[in-house]
1. From (1) within 22 Å of G182 (Cα to Cα); (2) at pLDDT 85 or above, pick out the condition that doesn't hold for A126.
2. Could you say which residue among V193, V173, V146, V186 is more than 23 Å from A79 (Cα to Cα) and either of a type in the set (V, I, T) or at pLDDT 95 or above (or both)?
3. If you check A134, A98, A151, A139, which single one turns out to be buried (at least 22 other Cβ atoms within 10 Å of the Cβ), within 25 Å of T212 (Cα to Cα), of a type in the set (G, A, S) and out of contact with any helix residue (DSSP H, G or I) (no Cβ under 7 Å at 6 or more places or on another chain)?
4. Grab the helices (runs of 4 or more DSSP H) fully contained in the range 169-254, keeping just those with 2 or more residues being crowded, with 24+ Cβ neighbours inside 10 Å and out of contact with any Lys or Arg (no Cβ under 9 Å at 6 or more places or on another chain).
5. Restricting attention to the range 160-170, which residues are touching a residue at least 24 places away in the same chain (Cβ under 8 Å) and more than 29 Å from A78 (Cβ to Cβ)?
6. Is at least one residue of the range 101-118 in contact (Cβ under 8 Å) with a residue 12 or more places away in the chain and part of a helix (DSSP H, G or I)?
Amino acid sequence: MWSSGACCSQRTWRGASPWTWGPLDVRGGRGACQLPGATGFLPLAGDPRAVARERCPDRKSDVCGGADRRGPRLGHGAAAAVVCSGDWLLKQDPSVQARAIRVRGLGMSSGTYARRPDAPTLSRTAARRAFAEAGLKPADVDLIEVHDATAYGEILQLEMLELCGPGEAAKFVAAGETGPGGKLPVNTSGGLVAKGHPVAATGLSMIHELATQLRHEAGPRQVEGADVALAENGGGVLGLEEAACVVTILERPA
């Protein structure tokens with residue numbers, strides 16, 4: 001419900017429209033097709049405007065769990081990650097050290113019932129905290145994974161994370177800059193709408209994709225020269241936004 005309201009606001013004060021989702025649909029489906037373990041995907045191809053037109057007006061495939069039987073589903077999952085100190089890592093085999101990914105910065109924030117529809121979301125706060133801890137700025141990021149349980153989430157988060165200026169994200173996406181070979185690849189995994197949403201495991205699935213990219217082991221999805229990556233994940237509902245958000249900045253080993 002909060003997504004519907006936020007999406008309406010997004011379309012009016014950020015310049016997005018139903019046609020904006022076409023490039024996201026095509027790119028997301030392609031990424032999920034290349035991801036081992038994806039629970040479902042929409043292998044769409046062709047002109048993005050034609051894809052968007054074909055999928056209006058119900059837009060069910062733009063919502064995780066709302067796609068047809070070929071598409072992704074909400075589900076349950078489990079995930080685990082090994083997190084260690086630098087001192088512990090130095091005691092490990094060189095082959096382990098070589099594949100370790102550094103957590104450069106971490107930011108957390110909580111939602112509020114008081115946020116206005118036209119105000120920045122809690123991911124803005126989490127991102128600024130993460131960048132401050134990392135000693136980096138948005139321009140230093142090579143690729144990102146964001147929580148796009150609805151298709152518009154990518155456009156919203158590009159601006160909330162200050163990777164695009166106000167009102168610029170829709171045009172940035174339409175120009176193909178978030179796709180393969182673009183200035184800032186987004187959701188190379190296909191994203192939640194295309195690959196599936198295992199709920200409890202979703203956050204670490206983003207981290208896994210980015211770690212794979214930073215190790216340069218992503219095969220056909222690989223972003224060339226990926227050194228710094230960012231993950232944004234939110235959960236719960238509080239008023240017009242998530243109840244909590246975490247932004248993580250990862251870095252390839254030197």
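The values are calculated or read from the model by the stated rules, or taken from the named source; none is laboratory data. Please read all numbers here as calculations on a predicted model, not as lab measurements. When we count neighbours, we look across all protein chains shown, and the Cβ atoms used for this are built from the backbone with ideal geometry, even at glycine.
1. Among (1) within 22 Å of G182 (Cα to Cα); (2) at pLDDT 85 or above, the lone unmet condition for A126 is (1).
2. Result of the check over V193, V173, V146, V186: V173.
3. Going through A134, A98, A151, A139 in turn, the sole match is A134.
4. Where helices (runs of 4 or more DSSP H) fall fully within the range 169-254 and carry at least 2 residues being crowded, with 24+ Cβ neighbours inside 10 Å and out of contact with any Lys or Arg (no Cβ under 9 Å at 6 or more places or on another chain), they are 191-195, 202-214.
5. E162, L163, P166, G167, A169, A170
6. There is no residue in the range 101-118 that is in contact (Cβ under 8 Å) with a residue 12 or more places away in the chain and part of a helix (DSSP H, G or I).
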